[in-house]
Amino acid sequence: MRHHQYNPDYNFVKAPVDFNKYTDRSLLQYCLGATMYMPGTKDFAQAVIDKKYPGLTSMVMCFEDACPEEDVPAAELNSIHVLETLKEAEDSGKLKYEDIPLLFFRVRSPEQFMHFSGMLKKEHIRYITGFNFPKFNGVNGGLYMSHLSELNNRFGEIIYGMPIIEDARVAYKETRLLELMAIKNICDCHKNLILNIRVGGTDFSSCFGVRRGINSTIYDIMTVANCLMDILNVFTRNNDYTVSGPVWEYFRVNKRMKFEELPKIDIQDTLLKRTPIVNDAVDGLMRELILDQANGFMGKTCIHPTHLNFINGMLAVTKDEYNDAYQILHTSGGVIKGSKGMNEIKPHTNWATKILMRADAYGVIKDETEYVKLFGV
């Protein structure tokens, strides 16, 4: 896989690298970007073989929220069919391994995780990057992770876990920190198997009977923003884990979006001043992405293919950011002049590390005016 293949002619300052499930975890955790969810009952194998969505680099087949309980057996059988179809396509030369997105399965419970994993064969594991664990908490987290460890040992392959923090005990202030520390202790015991921490913005919103509108961001919903900031506080210290941003629920794409007709713009300045770029759904997504990145989220849960280019495009690094990060990581200490301000070597080291990882994963572009061109729609 490689990001931005939807725009193969774009001229990067530094092109993104190739990656797959065997890429070192230190980089792979930054490569997830727009991770698209779809029901486990959907047979998407032919779409992958046909490269229907060239921007799709990671995806989740869901047995939980996107799948009614009575459909879970059918979803499990369909998932096995998808894995076998991908294998047959690769064996026959119709599909190259590097063209298969990182594939995850969002299980319903520890019991369903064990049941589905019992259906897997050794030849399936090559195509599975990992599993998502919904409503991961201090009670079920140990069950999820111990079985994941068992699977790694059974198949002799790396299979990652992605806990989803969305439990009411995290939503409610009186239990939040104890619950977050219990979750972190479980994750720390299995850190080599944790690829990413995910958050459930919709689940948190439901606890308070709220929902952000198309002209708001999740950060405008104070009760939910408060939850998210505590999760970031616990899990992103010293770049311990990457934490992905919550899903954006709206999608609306114009039949014709000719970005070339638009003037060159500083995308952050334009969005934050609420000057229209594409439409309210896409502009709202990009506005929230700016705030996601400012607060330390890395990537975003995605529910519609029209979001892919925008989420992954906005993760590209500008040349100024890249130069500053490189300078910081190659200077022994002190304070030196950067591209647009002063670089303090020790305080900015964690930031610089993340920027260079993003640069490898998503590439380096000339400046902020290039984002619209990179989207390539």
Query raised in the report: Failed condition for Met114, given (1) modelled with pLDDT under 95; (2) aliphatic (A, V, I, L, M); (3) over 30 Å from Phe375 (Cβ atoms), with all others met?
Result: (1)
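In the stretch 167-222, which residues are aromatic (Phe, Trp, Tyr) and closer than 30 Å to Lys21 by Cβ?
Within the stretch 167-222, the subset aromatic (Phe, Trp, Tyr) is 172, 204, 208, 219.
Listed by number, the list holds a single entry, Phe204.
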Requested in this report: Could you please find all residues in the stretch 114-144 being more than 23 Å from Arg25 (Cα to Cα), hydrophobic (A, V, I, L, M, F, W, C) and within 24 Å of the chain's Cα centre (by Cα)?
Outcome: Phe116
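For (1) assigned to a loop (DSSP other than H, G, I, E, B); (2) farther than 28 Å from Met314 by Cβ, each residue gets a yes or a no:
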residue	(1), (2)
Thr41	yes, yes
Leu56	yes, no
Met61	no, no
Ala66	yes, no
Val72	no, yes
Query raised in the report: Since Phe204 meets every condition but one in (1) modelled with pLDDT under 95; (2) of a type outside the set (Gly, Ala, Ser); (3) touching a Cys at 6+ places or on another chain (Cβ under 7 Å), which condition does it not meet?
Result: (1)
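Working only within the stretch 350-365, note down all residues that are outside any helix (DSSP H, G or I) and surrounded by fewer than 21 Cβ atoms within 10 Å (Cβ to Cβ). It would help to see each step written out before you state the result.
Residues of the stretch 350-365 that are outside any helix (DSSP H, G or I), as a first pass: 363-365.
Answer for the stretch 350-365, where residues must be outside any helix (DSSP H, G or I) and surrounded by fewer than 21 Cβ atoms within 10 Å (Cβ to Cβ): there is none.
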Report summary line: By my count, helices (runs of 4 or more DSSP H) wholly in the stretch 119-201 with at least 2 residues that are of a type outside the set (A, V, I, L, M) and within 25 Å of Met38 (Cβ to Cβ) are 122-125, 141-155
Query raised in the report: Do the conditions hold for Gly141, that is, is it crowded, with 22+ Cβ neighbours inside 10 Å and either more than 16 Å from Met1 (Cβ to Cβ) or polar (S, T, N, Q) (or both)?
Result: yes
Report summary line: Note on the stretch 202-243: residues buried (at least 17 other Cβ atoms within 10 Å of the Cβ) and not in a helix (DSSP H, G or I) are Arg212, Thr217, Ile221, Thr236, Tyr241, Thr242, Val243
Query raised in the report: Do the conditions hold for Met114, that is, is it among the hydrophobic types (A, V, I, L, M, F, W, C), surrounded by fewer than 18 Cβ atoms within 10 Å (Cβ to Cβ) and free of Cβ contacts under 8 Å to residues at least 60 places away in the same chain?
Result: yes
Report task. Kindly provide the set of residues from the stretch 141-181 that are under 30 Å from His124 (Cβ atoms) and of a type in the set (A, V, I, L, M), ordered by number. Result -> Leu143, Met145, Leu148, Leu151, Ile158, Ile159, Met162, Ile164, Ile165
Query raised in the report: Is there any pair linking a residue in the stretch 269-297 that is more than 20 Å from Thr318 (Cα to Cα) and without any contact (Cβ under 8 Å) to a residue 40 or more places away in the chain to one that is among the acidic types (Asp, Glu) and part of a helix (DSSP H, G or I), with Cβ under 8 Å and at least six apart or on different chains, and which?
Result: Arg274/Asp283; Pro276/Asp283
Query raised in the report: So which pairs qualify, if the first residue must be in the stretch 206-219 and among the charged types (D, E, K, R), the second must be part of a loop (DSSP other than H, G, I, E, B), the Cβ gap must be under 7 Å, and the two must be at least 6 apart or on different chains?
Result: Arg212/Ile221
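Yes or no, residue by residue, for (1) at pLDDT below 95; (2) β-branched (Val, Ile, Thr); (3) more than 30 Å from Asn279 (Cβ to Cβ):
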site	(1), (2), (3)
Tyr144	no, no, yes
Tyr160	no, no, yes
Pro163	no, no, yes
Ala171	no, no, yes
Leu177	no, no, yes
Leu193	no, no, yes
Ile197	no, yes, yes
Val224	no, yes, no
Requested in this report: Return yes when Tyr241 is closer than 25 Å to Arg198 by Cβ and at pLDDT below 95 and no when it is not.
Outcome: no
Query raised in the report: Mind checking which residues of the stretch 169-201 are aliphatic (A, V, I, L, M) and exposed (fewer than 15 other Cβ atoms within 10 Å of the Cβ)?
Result: Leu177, Leu178, Met181
Report task. Run Thr129 past the list (1) over 17 Å from Met61 (Cβ atoms); (2) in contact with a Phe, Trp or Tyr (Cβ under 7 Å, 6 or more places away or on another chain); (3) surrounded by 19 or more Cβ atoms within 10 Å (Cβ to Cβ) and report the number of the one that doesn't hold. Result -> (1)
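The values are calculated or read from the model by the stated rules, or taken from the named source; none is laboratory data. Keep in mind it's a predicted model, so treat the numbers as computed, not measured. Neighbour counts are summed over all protein chains in view; Cβ atoms, including those assigned to glycine, are modelled from backbone coordinates with ideal geometry.
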